[in-house]
Amino acid sequence: MELKDLIIKIAGIMSISGYEFRGFEELDNVMYDGLIGGGYFDEYKTNATRNHIYIKKCGKPNAKKLLIDAHFDEIGMIVSDIKDGGFLTVSGIGGIDMRIMWASEVVIYGKEIITGIVVSTPPHLQGIPDERKWHDIKDMLIDTGYTKEELSEIVEIGTPIGFKPMYGELMNGQIIGKGFDNKACAAIVLQAVSGLEDFDWDTYVLLSSKEETSRLGAKTGVYLIDPDAAIVVDVNHAYTPDTPKHETCKMGEGPCISISITTNRSMTDFIINFAKDKEIPLQTVVEITDTGTNNTAITYGRQGIPSVVVSLPLKNMHTASEIFNITDAEALSKLLSEFIKGGLSQWN
């Protein structure tokens, strides 16, 4: 399967933070029905925090271990109450931006999977400007069309809710949809590692849980794997005219690598030079004290793990219409594959 199709397939899997287990079977179908393009893994593990760990062995004695983290969870909501008329109130899971929620279509993962629409008050009925704003997600209502009695048979308090999986394309290789943060990177990593041949480090792909809420999956994953080095692969903010250039990456010009005091300096510098030698486009982004990823949890794991952050530029993060460029995704996959095959043993 082409990388674009693999990304869309995996991004459409329900994996709201804390409910990742709901997508285990669907992910297994993707992994083991030949969708990785002939690649394979030697072992699979999970743990109590619902991580997926795919292991590719190099076949060499006393091999070092590389951890590649790409968190598998996504933002969403959870039902907090069922109201008269078939309306739901919710609490947020992860960074929900209330500005994009008006009239959004959502999927409610109850005993049946049903559709809901976020209530939008018509402008004719709105009050003064301050009264038009939602100050808290708890003020939001989701309309289901059911009666309260019907809905209570399908939905319980604690039922997860996510954006509807819908995918499309803009011009010049830009792909639109939900869940690319961070399942686009999960698909990229799976493709890059599954087809590896003739490499020197055992490679552990950690599709970690709960990054959007607690980073608990990375904390337990690094303890279980005990790696010698790590690469965190996540999305980063792509430049648009309303954003500061120094905090963003240009879409279509390759993946980004973070310059940060929380990442390993020698490994970062080596990858930058390695990418130049291999003529793989790679941008830098300055994130001095916090990369906003699982990097900190991994770097400070056990006795300290040297790690770097490599990222995929993404527009409209944490919405149902996230956008990435397929050429950036392909370059990121190539960089990871080439570095594992020819760079790791040179770096350390």
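In this structure, is residue 44 in the same structural domain as residue 211 (by TED's automatic domain parsing), surrounded by 12 or more Cβ atoms within 10 Å (Cβ to Cβ) and of a type in the set (Phe, Trp, Tyr)? Before you say what the answer is, go through the steps one by one.
Values: in the same structural domain as residue 211 (by TED's automatic domain parsing): yes; surrounded by 12 or more Cβ atoms within 10 Å (Cβ to Cβ): yes; of a type in the set (Phe, Trp, Tyr): yes.
When the stated conditions are applied, residue 44 passes them.
Would the range 133-148 turn up any residue that is open to solvent by 60 Å² or more (accessible area, probe 1.4 Å), outside the structural domain of residue 235 (by TED's automatic domain parsing), modelled with pLDDT of 90 or more and of a type in the set (Phe, Trp, Tyr)?
yes
Just one of 106, 90 is open to solvent by less than 10 Å² (accessible area, probe 1.4 Å), over 21 Å from the mean Cα position of the chain (by Cα) and of a type outside the set (Ser, Thr, Tyr); which is it? Write out each step before concluding.
Details: 106 fails: over 21 Å from the mean Cα position of the chain (by Cα).
Result: 90 is the single residue among 106, 90 that is open to solvent by less than 10 Å² (accessible area, probe 1.4 Å), over 21 Å from the mean Cα position of the chain (by Cα) and of a type outside the set (Ser, Thr, Tyr).
What are the pairs, 6+ residues apart or on separate chains, where a residue within the range 148-175 that is part of a loop (DSSP other than H, G, I, E, B) has its Cβ under 6 Å from a residue that is open to solvent by 70 Å² or more (accessible area, probe 1.4 Å) and charged (D, E, K, R)?
That search, which allows pairs on different chains as well, returns 154/111; 154/112.
Within the range 62-69, does at least one residue satisfy the condition of being over 19 Å from residue 199 (Cα atoms), open to solvent by less than 30 Å² (accessible area, probe 1.4 Å) and out of contact with any His (no Cβ under 6 Å at 6 or more places or on another chain)? Before you say what the answer is, go through the steps one by one.
In the first step, residues of the range 62-69 are kept if they are over 19 Å from residue 199 (Cα atoms); the result is none.
Scanning the range 62-69, I find no residue that is over 19 Å from residue 199 (Cα atoms), open to solvent by less than 30 Å² (accessible area, probe 1.4 Å) and out of contact with any His (no Cβ under 6 Å at 6 or more places or on another chain), so the answer is no.
Are any of the residues in the range 21-38 part of a strand (DSSP E or B) and either surrounded by fewer than 22 Cβ atoms within 10 Å (Cβ to Cβ) or in the same structural domain as residue 326 (by TED's automatic domain parsing) (or both)? Steps first, answer last, please.
So the first thing to find is which residues in the range 21-38 are part of a strand (DSSP E or B), and the list is none.
No, the conditions are met nowhere in the range 21-38.
Rundown of residues vs (1) among the hydroxyl-bearing types (Ser, Thr, Tyr); (2) open to solvent by 10 Å² or more (accessible area, probe 1.4 Å), yes/no style:
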{"site": "208", "(1), (2)": "yes, no"}
{"site": "232", "(1), (2)": "no, no"}
{"site": "239", "(1), (2)": "yes, yes"}
{"site": "244", "(1), (2)": "no, yes"}
{"site": "247", "(1), (2)": "no, yes"}
{"site": "257", "(1), (2)": "no, no"}
{"site": "271", "(1), (2)": "no, no"}
{"site": "283", "(1), (2)": "no, yes"}
{"site": "286", "(1), (2)": "no, yes"}
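Give the residues of the range 159-172 that are in contact with a helix residue (DSSP H, G or I) (Cβ under 8 Å, 6 or more places away or on another chain) and either under 16 Å from residue 11 (Cβ atoms) or of a type in the set (A, V, I, L, M) (or both), sorted by residue number.
Narrowing the range 159-172 to residues in contact with a helix residue (DSSP H, G or I) (Cβ under 8 Å, 6 or more places away or on another chain): 160, 165, 167.
165, 167 - these are the residues of the range 159-172 that are in contact with a helix residue (DSSP H, G or I) (Cβ under 8 Å, 6 or more places away or on another chain) and either under 16 Å from residue 11 (Cβ atoms) or of a type in the set (A, V, I, L, M) (or both).
Which of the numbered conditions does residue 58 fail, given that it passes all the others? Conditions: (1) surrounded by 17 or more Cβ atoms within 10 Å (Cβ to Cβ); (2) over 24 Å from residue 342 (Cβ atoms).
Looking at each condition in turn, residue 58 falls short on (2).
The values are calculated or read from the model by the stated rules, or taken from the named source; none is laboratory data. As the structure is a prediction and not an experimental result, all values here were calculated from the model. So basically every Cβ, Gly included, is an ideal-geometry build from the backbone, and we count neighbours across all protein chains shown. Protein only, heavy atoms only, side chains kept; ligands, DNA and RNA dropped before computing areas. Shrake-Rupley method; radii C 1.70, N 1.55, O 1.52, S 1.80 Å.
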